[in-house]
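Right, one structure below, let's go through it.
The values are calculated or read from the model by the stated rules, or taken from the named source; none is laboratory data. Predicted, not measured: the structure shown is a model, and the values here were computed from it. Note: ideal-geometry Cβ built from the backbone for every residue, glycine included; neighbour counts use all protein chains shown. Just so you know, the surface numbers come from the protein's heavy atoms only, side chains and all, with ligands and any DNA or RNA stripped out. Shrake-Rupley method; radii C 1.70, N 1.55, O 1.52, S 1.80 Å.
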Amino acid sequence: MKCIIFIDKYSDWLEVYSPLMEYKNKLSTVKVFFLENARNDKQSMKSIFDELLTNEISLQFCIEKDKNKLFSSFKIAMGQLSKKDIAIAPYIRYRNLWSLIYDSRPITVHLTEVIPDTFGPILYRVAFRGKNLKSWLTIPFAYVYALLHKPDICYFPFFNHMKNSFVKETKKISIPIIYNKNKEVLQLCFSDGVKRPLLISGFGFDLDKMVKSLNIEKYVATSKNKEIIVDGNTIPLEERICAEEVVLTRMVTNIIGYNSTAMVWAKIIDPQIKVECYTAKELNNNYGRLYALLSKKALKKIGVIQLPEPKQFVI
């Protein structure tokens with residue numbers, strides 16, 4: 001069985017883990033497609049897939065700096081697959097990928113956007129993909145398009161609480177492991193044996209102001225860059241680490257931040273973890289009130305209550 005994978009952002013590997021584990025014993029070749037940019041790099045990607053796959057599986061990479069070239073390369077590769085093969089990609093995220101579903105031959109596995117995927121085809125179109133009049137006018141087309149372009153499977157972080165209506169079959173996500181190099185880095189971060197809160201900044205939430213407001217000295221925070229912040233010290237990294245990987249250490253006492261994907265993954269990894277999820281007005285302003293309402297509703301299904309934005313966190 002051949003497998004091709006389209007990685008849009010580094011943390012996509014968390015969902016890729018599930019189908020790789022399910023089909024691992026059948027795979028002969030895995031080819032990973034991604035853009036090398038501020039969110040992805042070859043060294044980080046290679047370390048992950050070297051760890052996830054056995055030596056018997058041939059691992060290849062297609063790396064581009066232009067997204068249109070990457071779409072084109074993935075389309076060609078997908079056309080060369082048979083019904084026994086598998087193509088993993090964030091299909092709903094990009095029309096260029098979604099359009100490949102209609103007459104695709106391989107098994108298609110969708111990588112979700114987690115919270116927005118809970119909205120369903122109509123509300124996804126309106127609440128996440130645009131607030132203009134065009135979004136409303138094209139609802140009938142968007143609904144029909146979604147019905148005709150359903151990927152076969154997704155391993156959904158919200159399952160069993162809800163199914164993903166974009167796909168034919170929703171499966172339970174598998175909890176990933178931390179690969180060795182990042183495990184070593186994170187062990188050093190927690191070398192004193194003290195568990196710490198994980199802070200999620202961004203969308204107006206300022207890390208320094210969060211620390212000051214919470215009156216804490218020991219904490220951990222990640223960054224979109226190759227770095228991790230521990231107790232106020234910024235540690236440069238050779239390879240990326242995302243917030244979900246920090247939670248996987250089981251050294252996180254609680255997670256504090258806005259309504260992000262990390263909140264959902266934290267509840268999957270450790271259902272007992274305390275989650276302090278706050279509204280980020282900057283995030284809601286980007287997408288609108290409907291997005292805010294629907295994300296709040298989705299998080300409530302997994303036991304996460306979204307609270308008003310703390311003014312003291314905001315820049």
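Say we look at the range 258-286 and pick out the residues that are more than 21 Å from A127 (Cβ to Cβ) and acidic (D, E); which of these is nearest to the chain's Cα centre (by Cα)?
Taking the range 258-286 and keeping what is more than 21 Å from A127 (Cβ to Cβ), we get 265-276.
Still in the running and acidic (D, E): 270, 276.
Numbers: D270: 17, E276: 19 Å.
Step by step, filter the range 258-286, then rank; the result is D270.
Just checking, which of I256, I235 is without any contact (Cβ under 8 Å) to a residue 60 or more places away in the chain, assigned to a strand (DSSP E or B) and surrounded by fewer than 20 Cβ atoms within 10 Å (Cβ to Cβ)? I'd like the intermediate steps shown before the answer.
Numbers: I256 fails: surrounded by fewer than 20 Cβ atoms within 10 Å (Cβ to Cβ).
It is I235.
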Worksheet item: Can you spot a residue in the range 259-271 that is in contact with an Asp or Glu (Cβ under 7 Å, 6 or more places away or on another chain) and over 18 Å from R196 (Cα atoms)?
Response: no
Item to complete: Keeping to the range 272-288, report how many residues are more than 21 Å from K311 (Cβ to Cβ) and open to solvent by 80 Å² or more (accessible area, probe 1.4 Å).
Response: 2
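Does K84 fit the bill of being among the basic types (K, R) and either closer than 23 Å to F159 by Cβ or touching a Leu at 6+ places or on another chain (Cβ under 9 Å) (or both)? Lay out the reasoning, then the answer.
Values: among the basic types (K, R): yes; either closer than 23 Å to F159 by Cβ or touching a Leu at 6+ places or on another chain (Cβ under 9 Å) (or both): no.
It is false that K84 is among the basic types (K, R) and either closer than 23 Å to F159 by Cβ or touching a Leu at 6+ places or on another chain (Cβ under 9 Å) (or both).
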Practice prompt. Say whether the condition of being basic (K, R) and within 17 Å of the chain's Cα centre (by Cα) is met by at least one residue in the range 42-60.
Written response: no
Worksheet entry | Scope the range 179-212; condition open to solvent by less than 20 Å² (accessible area, probe 1.4 Å), within 23 Å of D270 (Cα to Cα) and assigned to a loop (DSSP other than H, G, I, E, B); matching residues | Y179, F190, I200
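Residues in the range 162-171: is at least one assigned to a strand (DSSP E or B), in contact (Cβ under 8 Å) with a residue 60 or more places away in the chain and touching a Phe, Trp or Tyr at 6+ places or on another chain (Cβ under 8 Å)?
From the range 162-171, those assigned to a strand (DSSP E or B) are 169-171; that's our starting set.
If we keep only those that are in contact (Cβ under 8 Å) with a residue 60 or more places away in the chain too, we end up with 171.
Filter once more, so that each one left must be touching a Phe, Trp or Tyr at 6+ places or on another chain (Cβ under 8 Å): 171.
Yes, some residue in the range 162-171 is assigned to a strand (DSSP E or B), in contact (Cβ under 8 Å) with a residue 60 or more places away in the chain and touching a Phe, Trp or Tyr at 6+ places or on another chain (Cβ under 8 Å).
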Item to complete: For the range 280-298, indicate whether the set of residues that are touching a strand residue (DSSP E or B) at 6+ places or on another chain (Cβ under 8 Å) and either without any contact (Cβ under 8 Å) to a residue 12 or more places away in the chain or outside any helix (DSSP H, G or I) (or both) is non-empty.
Response: yes
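So which strands (runs of 3 or more DSSP E) stay within the range 1-110 end to end and still have 3 or more residues that are surrounded by fewer than 17 Cβ atoms within 10 Å (Cβ to Cβ)? Before you say what the answer is, go through the steps one by one.
Values: elements: 2-7, 29-35, 58-64, 86-89, 107-110.
The strands (runs of 3 or more DSSP E) meeting that bar are 58-64.
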